1. Filter segment 48-59 for residues that are more than 14 Å from Val82 (Cα to Cα) and modelled with pLDDT of 80 or more; which is farthest from the chain's Cα centre (by Cα)?
2. For segment 140-178, which positions are open to solvent by 60 Å² or more (accessible area, probe 1.4 Å), of a type outside the set (Ser, Thr, Tyr), modelled with pLDDT of 90 or more and outside any loop (DSSP other than H, G, I, E, B)?
3. In segment 48-76, how many are of a type outside the set (A, V, I, L, M, F, W, C) and crowded, with 17+ Cβ neighbours inside 10 Å?
4. Can you say whether Val159 is farther than 21 Å from Val67 by Cβ and in contact with a strand residue (DSSP E or B) (Cβ under 6 Å, 6 or more places away or on another chain), as far as the supplied structure shows?
5. Cβ-Cβ distance below 6 Å, separation of 6 or more or different chains: which pairs start in segment 80-92 with a residue that is closer than 12 Å to Ser116 by Cα and end on one that is open to solvent by 10 Å² or more (accessible area, probe 1.4 Å) and assigned to a strand (DSSP E or B)?
6. Working only within segment 64-82, note down all residues that are of a type in the set (S, T, N, Q), modelled with pLDDT of 85 or more and outside any helix (DSSP H, G or I).
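The values are calculated or read from the model by the stated rules, or taken from the named source; none is laboratory data. These figures come from a predicted structure and were not determined experimentally. Every residue, glycine among them, receives a Cβ derived from its backbone with ideal geometry; neighbour counts consider all protein chains shown. All accessible areas refer to the heavy atoms of the entire protein, side chains included, with ligands and DNA or RNA removed. Shrake-Rupley method; radii C 1.70, N 1.55, O 1.52, S 1.80 Å.
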Amino acid sequence: FDAGLYAFRLKFTDSDVPIFQRAGGRDVSVQSAPAYAQGLIVAADMNGVTYAIRQTGVVAWSTSLFVAVQAPVTIAESRGRVVVPGMDGKMRILSLYSGSPLTEAIAAGYLPSAASTDGTLAFVPSPSEGVLYAFDVTTGALAWAVSDSGPFTRATPTVSGGRVFWNTGSAVKALNAT
């Protein structure tokens, strides 16, 4: 295990090798799943560097956020945004096209889980605080927050049909997304 980011063909043969390989390198650890949109594979490492890599393996951009990131990034493709939850309780919103930081949203507690998005809002749980936050992906403004008294999980919420499904650890709650 070298904590690198790799891409393979979907159909493997005995002679297949990676299409590309981006080694993690010294003091770098990619521990979460990448996201894909518009020809870019986007992932963040534990040192807070977020990478966008083209399907050919060429780095399109990289941005250092100076904070540990354990959760997968989420892409709000219709808005051209990358949502990166940090372990410091801030959710950074970057440009999908350049990696430039656009805004950030502040939550209480750390954010070890991936956000979900309906294209307009990003939904991210803070299990240390027992809160599900909804932030605007364009402005970073808090749209709403819901708390629960259950034993909280790190599960990523699911968004479907205008609802957000949140596993609190003791129940799955269906909330209106707006």
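1. Of segment 48-59, the ones more than 14 Å from Val82 (Cα to Cα) are 54-59.
Now drop any that are not modelled with pLDDT of 80 or more, which leaves 54, 58-59.
Details: Arg54: 18, Val58: 21, Val59: 18 Å.
The selected residue is Val58.
2. Leu142, Arg163, Phe165, Asn176
3. Our first condition is that a residue be of a type outside the set (A, V, I, L, M, F, W, C); within segment 48-76, this holds for 48, 50-51, 54-57, 62-64, 70, 72, 74.
Those still in the list that are crowded, with 17+ Cβ neighbours inside 10 Å too: 48, 50-51, 63, 70, 72, 74.
Of the residues in that region, 7 qualify.
4. So Val159 passes the test.
5. Qualifying pairs under 6 Å: Val82/Ile75; Val83/Thr74; Val84/Arg92.
6. Residues satisfying the conditions are Ser64, Thr74.
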